[in-house]
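Q: Pasting a structure below so you can have a look.
The values are calculated or read from the model by the stated rules, or taken from the named source; none is laboratory data. Worth saying up front: this structure is predicted, and the values here are computed from it rather than measured. Virtual Cβ from ideal backbone geometry, glycine too; neighbours counted across all protein chains shown.
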Amino acid sequence: MPIEIEAKMKVPDHASVRAMLKEAGATKSGEFLETNTFFDTEDRSLLAADRGLRIRQNRNTGSGREEFILTLKGPRLHGQLKSREETEVTVGDVRMMTSVLEQLGFRVVLSFEKKRESWLLNGCHVELDEVPHLGTYVEIEGPGEEKVMNVREQLRLSDRPLVKASYIALLMTYLQEHGQTDKHVRFKGC
């Protein structure tokens, strides 16, 4: 099974990171508006097992091309960076896939939008993310901790604390702390 290895850092904005990416010769691979819909059982059995089940709608904001990806995330592995097994498959009919999940006893826990600007640098994916209520982040995902940490250093992000919590966990905490019960978090005006 593929292992997702990533470093995530909260940043005040993306301007300086974008400048560092350009200076380092990174290749921009696109800008996207994602809608991430997470599922769990009524008794939250996936959460209890530290697993995640998601359908991601990924829309390229330049071309308008959309793809839908079903992802199952395994429990977090021990290590300096966030690592976990991740199995993904492209889905042709998102409504039918959602229906299958519901028939299996899964329900939508939370759906949220994320703006993502994607770059490639030294074998790593560098994602400039913005999430409603949470702000701006940088994620560096690569084939190993050393490569990810090297790119983090190259982008001068080593002084930024690593965030191991997922966006869904951060958003759920935010919504709970602010007394919000909405299951669909969107950008205003999108």
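Q: Only one of these conditions is not met by Thr87: (1) surrounded by 13 or more Cβ atoms within 10 Å (Cβ to Cβ); (2) at pLDDT 95 or above; (3) under 15 Å from the mean Cα position of the chain (by Cα). Which number is it?
A: The failed condition is (1).
Q: Which residues, taken from the range 127-148, are closer than 14 Å to Val11 by Cα and in a strand (DSSP E or B)?
A: Glu127, Leu128, Asp129, Glu130, Val131, Gly135, Thr136, Tyr137, Val138, Glu139, Ile140, listed by residue number.
Q: Further question on the same structure: Considering (1) in a helix (DSSP H, G or I); (2) farther than 24 Å from Val108 by Cβ, say which one Ile168 fails and leave the rest.
A: Of (1) in a helix (DSSP H, G or I); (2) farther than 24 Å from Val108 by Cβ, only one is false for Ile168: (2).
Q: Checking the condition at pLDDT 95 or above, assigned to a helix (DSSP H, G or I) and touching a strand residue (DSSP E or B) at 6+ places or on another chain (Cβ under 7 Å), which residue from Arg160, Arg116, Arg152 passes?
A: Step by step, each of Arg160, Arg116, Arg152 is checked, and only Arg152 is at pLDDT 95 or above, assigned to a helix (DSSP H, G or I) and touching a strand residue (DSSP E or B) at 6+ places or on another chain (Cβ under 7 Å).
Q: Then there is this: Just need a number here: residues in the range 50-80 that are touching a residue at least 24 places away in the same chain (Cβ under 8 Å), within 22 Å of Ala7 (Cα to Cα) and not in a strand (DSSP E or B).
A: So the count comes out to 4.
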